[in-house]
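Have a look at the structure below before the remarks.
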Amino acid sequence: RPPDTHKGTSGHLLVISGSPGKTGAAALTAMSAMRSGAGLVTLGIPASLNPVLEVHAIEAMTYPLPEDKAGRLSESSFSVIKELLDGKKCIAIGPGLGVTDGTRKLVSRIMGKCAIPLVIDADGLNCLEGQVHVLKNSSSPIILTPHPGEMARLTGASVESIQQDRVTSARVFAQTFNVHVVLKGAKTVIAHPDGKIYMNHTGNSGMASGGMGDVLTGIIGGLIAQGYTPEAATHIGVYIHGAAADTLSKEYGPIGFLATDIIHALPAEIGKFIS
C-alpha cells in the first residue's frame, strides 16, 4: 500500500446480514472483512439486533434496518439499504439472514438495483431457491459461495450428483447465469462466467465448524471493496482462508480451531505474501 493510504482509500463494504439467533454470522462476516484489509465496513442488521452487534463487531459500523414482526429483514428494508449504497464498493449479503418471503424479495430487489459487486452466501443463496432466474436481472458482478447443499438447492440437483462432478456443476451454473461460483468443500472449485475453472488446495478438515463460510464471505467482500476484481478476490480469498486454517492446524492440531481463530490468523497469513 502507498504510505498515504487511509481507511477512506481502502474500500467500504456493506454487509446485509443477521436475524434472531444468527447474530454471530453477521459479526463474523464483518470482522473477517476488516481483518482482510477493508478500510470500512457497515453492517446492516435488523434494528432489534443492533445492540448485540455493536458489542460483537466494535470496529465495524452498524446500521439498524427496518424489520418485520419476527425481527427479520424484508422488502421494507430496501429503501434504507439503497441509501446505504452510497460510497460502498461491494455488498455481502446472506449470512444469518433467514429465509422468508420478505428476505427472498429483499435479495431479489438488491440484485436488480445494485450497481456494485455482490457477494451472496448462506441464506442469501437459500433465498434464491426456485427463483435463480433473477440472477440474470443484475448488471453487476455476482459472486455466489455455496456449499454442496446450497448448490443442490440452487440447481435442483442432488448433493450426491453435485459432488460427483463438482467442476461441471460449478462451470455450467457460472456460464448459464453469468456469475462467479465458489463451490466450497475439499479442493474448493471456482468457476467464472467465461468457463475458466480454478481449484484450491489449501484448507483441511478442521474447517468443519460453524461460521467458516461467513468468514470466507467477509474475506472476498473485503478484497473486492479494496479494488480487487471478483476473479482475483475469489482466488486470493479462498486460498488465504484455507492457508490460515492450515497454519492453525499445524499450531493447535487438526480439530478445535474456530471461525474466529481464522479471522485472527488472517493478517499474518496475508503478510506472508506482501513484500
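The values are calculated or read from the model by the stated rules, or taken from the named source; none is laboratory data. Here the structure is a predicted model, which means the values were calculated and not measured. Cβ sites come from the backbone with ideal geometry, for glycine too, and all protein chains shown count toward neighbours. The accessibility values were calculated without ligands, DNA or RNA, using every heavy atom of the protein model including side chains. Shrake-Rupley method; radii C 1.70, N 1.55, O 1.52, S 1.80 Å.
Element breakdown for region 21-119 at a 1.4 angstrom probe: carbon and sulfur atoms account for 52% of the accessible area. Carbon-plus-sulfur accessible fraction, region 187-275 (probe radius 1.4 Å, protein heavy atoms only): 59%. Out of these labelled values of mean projected area of the Cα convex hull in nm², [x] 13.7; [y] 15.1; [z] 18.7, which was calculated from the coordinates shown here? The value computed from this structure is option [x]. One equal scatterer on each Cα of region 172-244, no solvent, Debye formula: the resulting log10 I(q)/I(0) at q = 0.14, 0.16 Å⁻¹ is -0.41, -0.54. On the principal axes of its alpha carbon atoms, region 1-60 extends 42, 17, 16 Å, with the longest extent given first. The stretch between residue 58 and residue 273 holds 74.6 nm of extra length on full extension. This uses 0.36 nm per residue minus the Cα-Cα distance.
Relative to the current alpha-carbon distance between residue 69 and residue 157, full extension at 0.36 nm per residue lengthens the span by 28.3 nm. Running a GNM on the chain with Cα contacts under 10 Å, which residue among 237, 21, 203 ends up with the highest mean-square fluctuation? Between 237, 21, 203, it is 21 that shows the largest mean-square fluctuation. If only the Cβ of Lys and Arg carry +1 and only the Cβ of Asp and Glu carry -1, the dipole of the chain around its Cα centre is close to 380 debye.
The listed residues 116, 93, 58, once ranked by accessible area (1.4 Å probe) with the largest placed first, stand as 58, 116, 93.
Straight-line cross-link reach from residue 272 at under 15 Å between alpha-carbon atoms covers these aspartates and glutamates, not counting any fewer than eight positions away in the same chain: 246. Long hydrophobic helices in the chain: the complete DSSP H runs spanning 24 Å or more by Cα along their own axis with mean Kyte-Doolittle hydropathy of at least -1.0 are 230-252.
Only helical runs count toward this figure. For the chain, summing -39,500 (n - 2.57) over DSSP H runs of n ≥ 4 and dividing by all residues gives -13000 deg cm²/dmol at 222 nm.
Straight-line cross-link partners of residue 136 among the lysines, defined as a Cα under 24 Å from its Cα and at least 8 positions apart when in the same chain: 82, 88, 89, 105, 113, 184, 196.
Compared with the rule-of-thumb size 2.2 N^0.38 Å for a compact globular protein, region 200-275 has a Cα radius of gyration ratio of 1.04.
From the alpha carbon centroid of region 241-263 to that of region 154-210 is 22 Å. Heavy atoms of the protein chains alone define the surface here; on that basis the chain has 43 Å² accessible area per residue at 1.4 Å probe size. Here, P(r) means the percent of Cα pairs in each 10 Å bin from 0 to the largest distance; for region 5-127 it is 15, 52, 30, 3, 0.
Taking every DSSP beta bridge that has both residues in region 129-275, what percent is antiparallel when rounded to the nearest 5? Taking every DSSP beta bridge within region 129-275, about 75 percent pair in antiparallel fashion.
Taking a point 7 Å from the Cα of residue 168 along the Cα-to-Cβ direction, the residues of region 180-209 with backbone N closer than 18 Å to it are 183, 189-192, 195-198.
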